[in-house]
Each structure stands twice: as C-alpha cells, then as structure tokens.
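Asks: Here it is, the structure in full.
Nothing in this text is a laboratory measurement; each read-out follows from the coordinates by a stated rule. None of these values were measured; they are calculated from a predicted model. Backbone-built Cβ (ideal geometry, glycine too); neighbour counts: all protein chains shown.
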Amino acid sequence: QQQVKQSPQSLIVQKGGISIINCAYENTAFDYFPWYQQFPGKGPALLIAIRPDVSEKKEGRFTISFNKSAKQFSLHIMDSQPGDSATYFCATRGFSGGSNYKLTFGKGTLLTVNP
Amino acid sequence: SAVISQKPSRDICQRGTSLTIQCQVDSQVTMMFWYRQQPGQSLTLIATANQGSEATYESGFVIDKFPISRPNLTFSTLTVSNMSPEDSSIYLCSVNPGQGSIQYFGAGTRLSVL
C-alpha cells in the first residue's frame, strides 16, 4: 500500500521557469516531510524539509508548501536551471515501533530543465 | 553531516550466488538503514539496523534472504543471498547521525544478476 503519492512522474521545464512537484499522504501521524534530490549514479541527497507545524519553508530557490488539512505538500523550484535536472523524491517520516522510525518515499519525479 | 562509503559500487553476479555489501560511515551513528531502489523506481526500506540489536525487517523482506550485520557504530553489511535476476537493483545504505532528522545516503551498490 503506497502511503505517499507523488506527481507528476516526469516534468519538463524551460530554464527560468517554475517547477512544481506534488505529494499527498494518508497517515496523519507523519511528523517530518523531506524532499530528496538524486542525480544519476548518486545516492539521494536531502534538499529541503518541513515539519507539519508550518505551512511554508523557503531555502533559496526551493520552497515547500504544506497543507495539513489536505494532507498534501509540494516542492516549488523557482528560476529552474539545467543543473536542477534530476529525480526528486518526496518522503514522509513515521514511527515504526519503539524508537525506530522510517521514511516512506514517493515514486519520484524526473525533472528536465531545458536550456 | 555524515559521509557514507559503500563497497562495491557495482557488481555483476551469477544466479544462485550471494553478495555482501559493506557500508562504512565516518562517524558513529545509532540508526542505519538499508534500502533497495529498482531501476527507475522509488526507494524501499529493507531493514533498520541498530547497533546491539537484531535488524528490523520490513514487510516482504526476510533475514534469510537479506542478512544484516551491525558490529559497531560505524559499519554494517547487507548480504543478498541466493540471488536471482529479480534482485537486480541499487542497494543503498543510509544513516541518521542524530543531528535532527536528516538522513544521509550512500552512493549505492548497483547489482546486476545474470
């Protein structure tokens, strides 16, 4: 059962444009919502993250918008650059028993930024 | 932050054999995780490996197939046993150094099973 639904599967944006990737979750017990960026041949790297007590977080060109009532959060990349071309994964964190927790990932979005 | 080294970076193996993947971290960490990422797919958690306790496996993954060792706070191994072509994947080691909630990933081991 997929607990995090990510869309779109792929996205093509022109340089300077805005890239928007959306995620929806089901479990209200999640307490942390990170976005990871993965380049080919590399492991995922944390890009930006948000906790459910805020509605927006901005770091440079990257912004997370969080809608707790709708159980949705999105990544906005402003002034998209060819170097942003990568696969982006949203994730949710939930506790899996005792002090253990785990991240559940969306299926990923392949972003291509054309020059 | 945490720097994670995985070995091997890639391997091609024959059906029926086993491969052990090593994960070395540059600092002591309590929680280590092993993920599988099938080609073009998302990351799926295989197990959580905490030092001093048995690994906790996720649904669909069993210890006989994916035995894990965690001898100390900087090292872990994942073995993929009795491999079949369906095991062809990227296997990723991940850690949380305890500095907030950030989880770091290694570059992965790209496994192809013929």
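Asks: One-quarter of the Cα convex hull surface for segment B:29-78, in nm²?
Replies: 3.7
Asks: Using the Cα atoms as the points, what is the convex hull volume per residue of segment A:1-85 in Å³?
Replies: 109
Asks: Continuing with this model, one more query. Set the Förster radius R0 to 30 Å, insert the Cβ-Cβ distance between B:ALA107 and B:SER84 as r into 1/(1 + (r/R0)^6), and round the FRET efficiency to 0.05.
Replies: Plugging the Cβ-Cβ distance into 1/(1 + (r/R0)^6) gives 0.80.
Asks: Sort by residue number and name the cysteines in the protein assembly as shown that have no neighbouring cysteine Cβ under 4.7 Å.
Replies: Singleton cysteines: B:CYS13.
Asks: Using only the alpha carbons, work out the radius of gyration and Dmax of the protein assembly as shown in angstrom.
Replies: 17.7, 51
Asks: Mind telling me which of A:ARG93, A:ARG51, A:ARG61 comes out most flexible in a GNM of chain A, alpha-carbon contacts under 10 Å?
Replies: Checking each option, the largest mean-square fluctuation is seen for A:ARG61.
Asks: While we're here: What list of ³J(HN,Hα) values in whole Hz, one per residue of segment A:13-30 in order, does the Karplus curve 6.51 cos²θ - 1.76 cosθ + 1.60 (θ = phi - 60°) give from phi, with Gly and Pro shown as x?
Replies: For segment A:13-30, the Karplus curve yields 10, 7, 3, x, x, 9, 9, 10, 10, 10, 9, 10, 10, 10, 7, 6, 7, 5 Hz.
Asks: Leaving out same-chain residues fewer than 8 places away, which lysines sit with a Cα under 28 Å from that of A:LYS57?
Replies: A:LYS5, A:LYS15, A:LYS42, A:LYS68, A:LYS71, A:LYS102, A:LYS107
Asks: For chain B, just the Cα set please: Rg and Dmax, both in angstrom.
Replies: When restricted to the Cα atoms of chain B, Rg and Dmax are 13.2, 41 Å.
Asks: Follow-up question, since we're still on this one. Name the residue from B:SER94, B:GLY106, B:GLN14 whose Cα lies farthest towards the positive end of the charge dipole of chain B, charges +1 on Cβ of Lys and Arg and -1 on Cβ of Asp and Glu.
Replies: B:GLN14
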